[in-house]
Amino acid sequence: MKKMIICIYILSVAMSVFATGQDGDVIMIDGEKWSLLAEPINHDSVLYRQLKAVLPQNNTFVTSNWDGYTAYWSIRNERLCLDSITVLLYNEDTRQYREECLPETDMQRVFANYRQGNDIVASWVNYDIRAAKGTKVYYVHSYFERNHEYEQILTVNEGKVTNRQAYHNRVVVDGFSLKGMINDTRDRQGKMVQQIVNEKLPLHTENYPELADEKVIFFSVKNIRLDSLGNLVDCQVKATIGRRTRRDSETLAQEMKELLKNVRPWKTLFINGEYLPEDRGGFTFPYHIVDKTAASLR
């Protein structure tokens with residue numbers, strides 16, 4: 001049993017580490033340096049294996065760059081071109097990290113099939129990629145789950161950049177964020193989160209006889225849509241009763257949905273042409289039934 005617990009702990013730590021935010025590649029657009037929130041080489045499994053095979057033996061990694069290399073790109077003649085690759089190396093004697101450019105011979109060996117004149121054109125890329133710069137507007141500590149103040153979405157078809165859409169991302173309404181509040185134990189006035197949730201979302205638990213022997217309801221909220229003023233336009237709510245039996249209640253879910261709509265304004269971000277909540281991935285929160293007497297059968 002002890003060994004099993006240790007294994008589970010190690011696995012959970014490993015999973016959390018691998019979920020860290022990644023640096024991404026670098027791209028030059030119209031003479032300006034942008035972060036490329038993507039790793040196009042990794043999308044082609046053959047290319048990725050060939051590149052890993054030529055990396056130096058002392059190639060290493062950091063948690064923000066698991067592959068240990070960074071690719072540098074540019075847009076030339078409306079083509080996505082790979083200019084160079086730097087490799088992260090570690091010197092065991094000095095215990096220091098340094099970056100070194102991958103030799104041209106290795107670049108030629110890996111990307112020979114993608115040479116067009118003097119350029120390496122990413123003709124294996126057939127999807128949208130995101131370039132970003134400026135301050136972070138939204139951030140989740142996982143891969144490229146973040147948005148910056150300025151972003152461009154590049155539509156790439158067989159290495160050709162067929163469209164570029166620029167956005168200015170920002171917070172448009174600095175309002176209520178349930179997810180942010182739940183991450184804290186108290187607000188500035190020292191109120192417990194449980195108390196704040198019950199005050200802002202006064203659910204009429206006394207109207208539900210099925211809650212007589214329950215202490216908590218779990219609500220899951222997703223697909224949140226906001227308008228430019230921070231009003232909740234729509235969302236999906238699921239209400240689950242009971243820690244063991246776990247039964248759903250549509251009526252509780254509907255009442256909570258209306259209560260959430262009555263909260264104004266919500267913290268609203270303008271991200272790549274859409275008004276989105278800070279909780280855009282959705283959230284789950286416990287709703288504690290404070291007054292057990294009120295929730296009992298009448």
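Please treat every number below as a calculation from the coordinates, not as lab data. Everything numeric in this text was worked out from a predicted model, so none of it was measured. Neighbour counts are summed over all protein chains in view; Cβ atoms, including those assigned to glycine, are modelled from backbone coordinates with ideal geometry.
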Rounded, prolate or oblate for the range 32-171? Axes are the square roots of the Cα gyration tensor eigenvalues, ordered a ≥ b ≥ c, and the cut-off for rounded is a/c under 1.5. oblate
Of K222/K267; K136/K200; K33/K133; K215/K267, which sit over 20 Å apart, Cα to Cα? K136/K200; K215/K267
Percent of all alpha-carbon pairs of the range 23-90 at distances over 14 Å, whole number, is 61
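Ordered by packing density, taken as the mean number of other Cβ atoms within 10 Å over each peptide's residues, highest first, how do 144-154, 159-169 rank?
144-154, 159-169
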Which parts of the range 143-158 would a label at Q165 reach, counting a residue when its backbone N lies under 15 Å from a point 7 Å out along Cα-to-Cβ? 151-157
Rank-order 265-276, 96-107, 201-212 by packing density, defined as the average count of other C-beta atoms within 10 Å over each peptide's residues, highest first. 265-276, 201-212, 96-107
So what are the ³J(HN,Hα) numbers for the range 204-219, from phi and the Karplus equation (6.51, -1.76, 1.60; θ = phi - 60°), rounded to whole Hz, Gly and Pro as x? 8, 5, 5, 8, 10, x, 5, 8, 3, 10, 9, 10, 8, 10, 9, 10
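Rounded to the nearest 0.05, what FRET efficiency is calculated for R98 and Y48 with R0 set to 22 Å and r the Cβ-Cβ distance?
Result of the calculation: an efficiency of 0.40.
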Between the range 31-109 and the range 119-165, the Cα center-to-center distance that results, in Å: 17
Based on the alpha-carbon set only, what is the convex hull volume of the range 210-281 divided per residue, in Å³? 92
Output ordering of 240-251, 279-290 (per-residue mean of other Cβ within 10 Å, highest first) is 279-290, 240-251
Given G134, H43, V87, which one lies farthest toward the positive end of the charge dipole of the range 17-173, if we put +1 on the Cβ of every Lys and Arg and -1 on the Cβ of every Asp and Glu? G134
Nearest 20 debye, what's the magnitude of the dipole of the range 123-179 about its Cα centre given +1 on Lys and Arg Cβ and -1 on Asp and Glu Cβ? 80
